[in-house]
Amino acid sequence: MQERKKPTSPVTISQYNGNGEYIVGTEIELTSEVWNQLLKGFGSYHLEMIIKNKPTYIIQFTSDPGLEKLKLQMKLNPQIRYVEANAKLEKKTKTD
């Protein structure tokens, strides 16, 4: 029986480094007035749309509010599909 070869591509893992950056998916494009109302009380932020056909945004906060607090606030608007931390994919290093 022939021995199976291990995959050659590195495995990636996601890690959130607590940088105050989140990805939010919405049902429709939201106006700046709606975003201002949703994010009222979270301090200053930068908002950028990254996908137009299924609206998806990156929000970068000056002061990280935390994922759970942000999710609770976003649930107030039925147009929000999801909120998640913007994780960074990294190569998993092999330790021998």
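Observations
- From the list Leu89, Leu47, the lone residue that is open to solvent by 40 Å² or more (accessible area, probe 1.4 Å), among the hydrophobic types (A, V, I, L, M, F, W, C) and at pLDDT 95 or above is Leu47.
- All positions within the range 44-88 that are touching an Asp or Glu at 6+ places or on another chain (Cβ under 7 Å), in a loop (DSSP other than H, G, I, E, B) and within 18 Å of Val34 (Cα to Cα): Pro55, Gln79
- Filter result for Ile80 (at pLDDT 95 or above and in contact with a helix residue (DSSP H, G or I) (Cβ under 9 Å, 6 or more places away or on another chain)): yes
- Any chance Tyr16 is surrounded by 11 or more Cβ atoms within 10 Å (Cβ to Cβ), at pLDDT 95 or above and touching a strand residue (DSSP E or B) at 6+ places or on another chain (Cβ under 8 Å): no
- Within the range 55-85, considering residues that are touching a Ser or Thr at 6+ places or on another chain (Cβ under 9 Å), open to solvent by 20 Å² or more (accessible area, probe 1.4 Å) and β-branched (Val, Ile, Thr), the one farthest from Glu27 (Cα to Cα): Thr62
The values are calculated or read from the model by the stated rules, or taken from the named source; none is laboratory data. If you're wondering where the values come from, they're calculated on a predicted model, not measured in any experiment. All Cβ positions, even for glycine, are placed from backbone atoms using ideal geometry, and neighbour counts span all protein chains on display. The area values use the complete protein model at the heavy-atom level, side chains included, leaving out ligands, DNA and RNA. Shrake-Rupley method; radii C 1.70, N 1.55, O 1.52, S 1.80 Å.
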